[in-house]
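What follows is a short report on a single structure.
The values are calculated or read from the model by the stated rules, or taken from the named source; none is laboratory data. Just so it is clear, the model here is predicted, and its values are computed rather than measured. Reconstructed Cβ throughout: ideal geometry from the backbone, glycine too, with neighbour counts over all protein chains shown. These accessible areas exclude ligands, DNA and RNA; they are computed on the full protein's heavy atoms, side chains included. Shrake-Rupley method; radii C 1.70, N 1.55, O 1.52, S 1.80 Å.
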Amino acid sequence: MAALKIYSAEFKASCGAVEQFLKPTLPEIAIVGRSNVGKSSAINCLVNHKGLAKVGKTPGKTQTINFFQIETSGPRFILVDLPGYGFAKVPDRIQQLWAPLIETFFKSRTNLCGVIMLVDSRRVQDSDRDMMAWISQLHIPMMLVATKADKVTRGNRKRAVRELQEGLGVEDEPIFLSAYTGEGKHQLLNRLRELLDS
Ligand SMILES: Nc1nc2c(ncn2[C@@H]2O[C@H](COP(=O)(O)OP(=O)(O)O)[C@@H](O)[C@H]2O)c(=O)[nH]1
Ligand SMILES: [Mg+2]
């Protein structure tokens with residue numbers, strides 16, 4: 001099967017409450033990860049659009065779910081950028097708002113066909129493990145992506161894979177992605193096509 005080509009990405013909505021979510025008409029792929037894991041960079045890299053998601057932006061007072069409509073050589077879909085978790089500087093008050101919003105999202109999106117879970121290729125944290133376990137019990141197809149792959153040399157890859165799998169308690173083979181070099185992008189797009197086609 002030919003790799004999915006992304007033609008354009010358009011920002012649709014930024015939502016802090018369930019009432020604001022888009023009508024679930026198109027297939028959706030959600031992307032999750034710890035704050036600073038490289039989520040915005042990964043989105044921009046995937047859709048070839050440098051300024052679409054703000055890179056290096058400190059998580060602020062508001063944490064919203066952002067919807068982007070993606071035009072491709074295959075199915076049109078919605079990419080959903082979920083707020084990052086596990087950022088120490090975010091006040092508890094916001095962390096407390098985060099969980100219900102995310103939970104409502106996952107439980108109400110009948111059109112959700114996959115989740116892209118990002119972890120730093122160099123280290124897994126407890127919050128990653130918790131998130132992964134939580135997503136697993138929802139039985140939504142998930143792909144594991146190890147970000148900042150340019151920071152792990154080829155010689156250290158096997159060990160990095162083992163550490164990620166052990167740290168997360170899974171056997172999934174992660175896709176190593178670098179938003180800087182583009183490594184892994186093609187593989188990710190192939191996997192995305194499988195999720196959208198299934
Ligand atoms: N070396 C390296 N750094 C990255 C990569 N992707 C993102 N970063 C850096 O990691 C930091 C957080 O990136 P960002 O995309 O804003 O992360 P987010 O908080 O998960 O959205 C920024 O300083 C980025 O420049 C990557 O592929 N390689
Ligand atoms: Mg971000």
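When ranked by the protection proxy of mean other Cβ atoms within 10 Å per residue, highest first, what sequence do the peptides 32-38, 170-176, 103-109 form?
Working: 32-38: 21.7, 170-176: 16.4, 103-109: 14.1.
My ranking of the peptides, most packed first, is 32-38, 170-176, 103-109.
From the largest down, the chain spans 48, 43, 32 angstrom on the principal axes of its Cα atoms. For the peptides 126-133, 112-119, the ranking by mean Cβ contacts within 10 Å, running from highest to lowest, is 112-119, 126-133. With a Förster radius of 30 Å, plug the Cβ-Cβ distance of ARG123 and ASN48 into 1/(1 + (r/R0)^6) and report the FRET value to the nearest 0.05. The computed FRET efficiency comes out at 0.60.
For the chain, the relative contact order is 26 percent, taking Cα pairs closer than 8 Å that sit 6 or more residues apart in sequence and dividing their mean separation by the residue count.
Largest first, how would VAL18, VAL145 line up by accessible area (1.4 Å probe)?
My answer, sorted largest first, is VAL18, VAL145.
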